[in-house]
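Just so it is clear, none of the values below were taken in a lab; they were calculated from the coordinates. Computed from a prediction, not measured in an experiment: that's the story for all the values here. Please note: Cβ atoms are built from the backbone with ideal geometry, for glycine as well, and neighbour counts cover all protein chains shown.
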Amino acid sequence: MTKVAEPADRQREVGELRRPAWWALLHWTVAGCMPMMTFLAARRPLVAAAFALTGLVMVVGGSFVRALENRSAWFLVAGTGLPWLYLAWWQRGGPGTVCETTTYGSGCHTVGDPRPMIATFLGAVAISVAGYLWSGRRARRRGRPQPQAAIT
């Protein structure tokens, strides 16, 4: 005699409309950051190779982990914006020439305008959030639940 699945069991089998776990968002954000970091580290081949390999492992590995098969993958785009935020921080005195004096000496250097970099970062985050919300709404409208982050 076979046992008929109870509603709670059936809901777990199909999946629920739940938000992904915070670590899934973080995983895809860091994975998205790796291609840009590879580009920025191009002068140092070993560092660039380490970034590229890490990003590749995270993306390929993340596609096989059931808890990461959800709409949190939209945050790959946000990850590509993180290095731009880092560059904007280093260019925060710009545009123009910035002179610094320390106990060991002084010097001047030219820095760029950080505003385009900040705009790029904000655009990447906006695209990620919009895609994340759109895909959740689309799944609810279709009546098809999303894969859940963890079965409890």
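The table that follows gives values for the structure above.
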| quantity | calculated |
| --- | --- |
| Unit charges on C-beta of K, R, D, E only; dipole of the stretch 29-124, Debye | 140 debye |
| FRET efficiency, 1/(1 + (r/R0)^6) with R0 25 Å, evaluated for residue 134 and residue 65 via beta carbons | 0.60 |
| Inter-site label distance for residue 23 and residue 43 at 7 Å from Cα along Cβ, in nm | 3.7 nm |
| Rounded D (µm²/s) - the stretch 38-109, Kirkwood Rh over Cα pairs, Stokes-Einstein at 25 °C, 0.890 mPa s | 158 µm²/s |
